[in-house]
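The values are calculated or read from the model by the stated rules, or taken from the named source; none is laboratory data. Everything quoted here is computed from the prediction, not taken from an experiment. Here Cβ is always computed from backbone atoms with ideal geometry, including for glycine, and neighbour counts include all displayed protein chains.
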Amino acid sequence: MGLKDRLEDERLHGTAANRAGVSHWRRRLLEEVNLDELALLGLAQRRARLEKVTGHIVGREGPVLSPGERAALIRRVVDEALGLGVLEPLLADETVTEIMVNGPDHVFVEREGRVQRVDTAFASEDQLYQTIDRIVAQVNRRVDESSPMVDARLPGGERVNVIIPPLSLVGPVLTIRRFPRSYTIEELAARASLDAPTGLLLAAFVRARLNLVISGGTGTGKTTMLNALSAFIPGHERIVTIEDSAELRLRQEHVVPLESRPPNIEDKGRITIRDLVRNALRMRPDRIIVGEVRGGETLDMLQAMNTGHEGSMVTVHANSTEDAVYRLQTLASMSDVKLPFDTIRDQIDSAVDVIVHLGRGPDGSRRIVEVAAVSTRRGERLRLEPIMTFESLPIGPDRVVRGEFRHRPLPAPLATRLFHAGEGVPPVFGVRADDGEGR
Ligand SMILES: Nc1ncnc2c1ncn2[C@@H]1O[C@H](COP(=O)(O)OP(=O)(O)OP(=O)(O)O)[C@@H](O)[C@H]1O
Ligand SMILES: [Mg+2]
């Protein structure tokens, strides 16, 4: 039974009038076409075949249309029959990084970091529900009143979130995040997301097996940065990656990607990030990479970082480097192992070496806004020392973010670790003369 049928009947009445048009032709098309035969064809051939059949049906039974109208109608009917209906052209558009549907009539996209409304709408709420149903059915999920929020994925890897009324007050809402393309650190530097010396320093950190935390708000480019930095992990190491939905694309040969699993319809079979972190520890990893820590697994990760899996990396949702420490502390305290807050802080102190914080400017640009070393002197509490900060100038009328990357000397203990690993410090940073009290 389709999603729409499971929802209240009265919701349907208001949209009945709109249901003619494209949906009618789609139904007629599906009656007429031989589905078994269609399944044998490739996508392009399938589309060509459907366009031909739709053309016949519309020509025979349809209204008189101009050639342009006719072509547009056929295209929409076939898009509908093949997949995501009006969203297909947006998905095909490489410059679109995010598609946001707020009810059938409001479709927005993000391009180059900017959100804009597009002139596309679903024929009806009914059609939007059908599209949603098709998406979530692919991952064996269901959306209805008892589970009104669902995460799913498209076959191409795009992440999809669905939330429907009564939780959403604007009708069914669909958010599609395009599978993020991967950038190299040089490409990120070319986009001014960091400068070249910072890129060299971060690469040295990764090769020297420092434990890194990448922090930032939603969509600030944490996963993208993690992916770029992972390129510096030497090829002979065994890497286990753990994510909610696999987005990382590591280039090394010896990589084991793991993905968590939501519960099934009977609410069984859930495998969390935490389960995977624990399992990963038994897989003899050299490094563990966690896409994002969100709960008790944070404590397991901190312990892994402290016990032989140096060089591990995680991302965490936070508003600043300081906030990242608090977030890690709070998340680690969600573990079933109850440790005092101070103890957790000590664990963070000895586990985490560097925090890379990302931000997103009002112009949509993403960049590293701070790199801070966790540097604690004996007898002191955890302290962060910024080694790179982006200082932005006041924003002018063009709303473009400008500013400069400022470098500061590395705390001596950090520099020593780099030297021991055979890595240098880019000269713009330098090393701070230190009393040797660091860890
Ligand atoms: N430096 C960058 N320059 C331009 N675009 C970027 C940059 N970093 C990331 N992006 C784009 O921004 C979007 C979000 O990136 P990403 O998924 O890495 O962010 P995130 O912080 O991991 O998001 P989330 O909080 O949802 O996990 C993607 O479309 C990605 O391609
Ligand atoms: Mg991410």
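Rundown of residues vs (1) aliphatic (A, V, I, L, M); (2) free of Cβ contacts under 8 Å to residues at least 40 places away in the same chain; (3) surrounded by fewer than 18 Cβ atoms within 10 Å (Cβ to Cβ), yes/no style:
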{"site": "Phe108", "(1), (2), (3)": "no, yes, yes"}
{"site": "Arg114", "(1), (2), (3)": "no, no, yes"}
{"site": "Val118", "(1), (2), (3)": "yes, yes, yes"}
{"site": "Ala123", "(1), (2), (3)": "yes, no, no"}
{"site": "Asp126", "(1), (2), (3)": "no, no, no"}
{"site": "Gln130", "(1), (2), (3)": "no, no, no"}
{"site": "Arg142", "(1), (2), (3)": "no, no, yes"}
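Can you name the residue in the range 299-327 that is within 16 Å of ligand 1 (Cβ to nearest atom) and over 16 Å from Leu248 (Cβ atoms) and is also nearest to the chain's Cα centre (by Cα) among such residues? Quick ask: steps written out before the conclusion?
Narrowing the range 299-327 to residues within 16 Å of ligand 1 (Cβ to nearest atom): 313-321, 323-324, 327.
Add one more test, that the residue is over 16 Å from Leu248 (Cβ atoms), and what stays is 317-321, 323-324, 327.
Working: His317: 12, Ala318: 15, Asn319: 17, Ser320: 19, Thr321: 20, Asp323: 21, Ala324: 18, Arg327: 19 Å.
Filtering first and then ranking leaves His317.
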### Of the criteria (1) within 15 Å of ligand 1 (Cβ to nearest atom); (2) surrounded by fewer than 22 Cβ atoms within 10 Å (Cβ to Cβ), which one Thr241 fails
(2)
### Task
From the list Ala228, Ala280, pick out the single residue that is assigned to a helix (DSSP H, G or I), away from ligand 2 (no atom under 16 Å from the Cβ) and of a type in the set (A, V, I, L, M, F, W, C).
Ala280
### Query
Among (1) within 16 Å of ligand 1 (Cβ to nearest atom); (2) surrounded by fewer than 21 Cβ atoms within 10 Å (Cβ to Cβ); (3) touching a residue at least 60 places away in the same chain (Cβ under 8 Å), where does Thr220 come up short?
(2)
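For the range 125-222, please list each of the helices (runs of 4 or more DSSP H) lying entirely inside it that holds at least 2 residues being closer than 30 Å to Ser375 by Cβ and away from ligand 2 (no atom under 16 Å from the Cβ).
Numbers: elements: 125-138, 185-190, 196-207.
Ranges flagged: 185-190, 196-207.
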### Task
Just one of (1) within 16 Å of ligand 1 (Cβ to nearest atom); (2) surrounded by 21 or more Cβ atoms within 10 Å (Cβ to Cβ); (3) not small (Gly, Ala, Ser) trips up Arg177, so point out which.
(2)
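If I filter the range 125-144 for residues that are in the same structural domain as His24 (by TED's automatic domain parsing), over 26 Å from the mean Cα position of the chain (by Cα) and modelled with pLDDT of 85 or more, do I get at least one hit?
Yes, the range 125-144 has at least one match.
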### Query
Do you know which of the residues in the range 93-106 that are of a type outside the set (D, E, K, R) and farther than 21 Å from Gly156 by Cα is surrounded by the most Cβ atoms within 10 Å (Cβ to Cβ)?
Pro104
### Query
Which residues, taken from the range 22-43, are at pLDDT below 75, part of a helix (DSSP H, G or I) and surrounded by fewer than 11 Cβ atoms within 10 Å (Cβ to Cβ)?
Leu35, Asp36, Glu37, Ala39, Leu43
### Message
Considering only the range 259-279, I want to know if a residue exists there that is in contact with a strand residue (DSSP E or B) (Cβ under 7 Å, 6 or more places away or on another chain) and farther than 30 Å from Arg141 by Cβ.
### Response
no
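Applying the selection to the range 82-108, what residues are under 27 Å from Ala44 (Cα atoms) and in contact with a helix residue (DSSP H, G or I) (Cβ under 6 Å, 6 or more places away or on another chain)? Even if it seems obvious, please write down each step before you answer.
Start the filter on the range 82-108 by keeping residues that are under 27 Å from Ala44 (Cα atoms), which leaves 82-101, 107.
Listed by number, the residues that qualify are Leu84, Gly85, Glu88, Val96, Ile99.
Going by the structure shown, is Pro172 buried (at least 19 other Cβ atoms within 10 Å of the Cβ), more than 30 Å from Ile355 (Cα to Cα) and not assigned by TED's automatic domain parsing to the domain that holds Thr307? Break it down into steps so the answer makes sense when it comes.
Values: buried (at least 19 other Cβ atoms within 10 Å of the Cβ): yes; more than 30 Å from Ile355 (Cα to Cα): yes; not assigned by TED's automatic domain parsing to the domain that holds Thr307: yes.
In short, yes.
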### Query
When Val240 is evaluated against the numbered criteria (1) part of a helix (DSSP H, G or I); (2) over 16 Å from the mean Cα position of the chain (by Cα), which criterion, by number, is the only one it fails?
(1)
### Query
Pairs under 7 Å by beta carbon, first residue part of a helix (DSSP H, G or I) in the range 82-106, partner within 16 Å of ligand 1 (Cβ to nearest atom), six or more apart or different chains?
Leu87/Ile99; Leu90/Val96; Leu90/Ile99; Leu90/Val109
### Summary
Per the list (1) of a type outside the set (Asp, Glu); (2) crowded, with 19+ Cβ neighbours inside 10 Å; (3) within 14 Å of Arg26 (Cα to Cα), residue check on Ala72 breaks on (2)
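Being crowded, with 21+ Cβ neighbours inside 10 Å, assigned by TED's automatic domain parsing to the domain that holds Leu358 and either touching a strand residue (DSSP E or B) at 6+ places or on another chain (Cβ under 7 Å) or not acidic (Asp, Glu) (or both) is the requirement here; does Leu194 meet it? Walk me through how you get there before you give the answer.
Details: crowded, with 21+ Cβ neighbours inside 10 Å: yes; assigned by TED's automatic domain parsing to the domain that holds Leu358: yes; either touching a strand residue (DSSP E or B) at 6+ places or on another chain (Cβ under 7 Å) or not acidic (Asp, Glu) (or both): yes.
It is true that Leu194 is crowded, with 21+ Cβ neighbours inside 10 Å, assigned by TED's automatic domain parsing to the domain that holds Leu358 and either touching a strand residue (DSSP E or B) at 6+ places or on another chain (Cβ under 7 Å) or not acidic (Asp, Glu) (or both).
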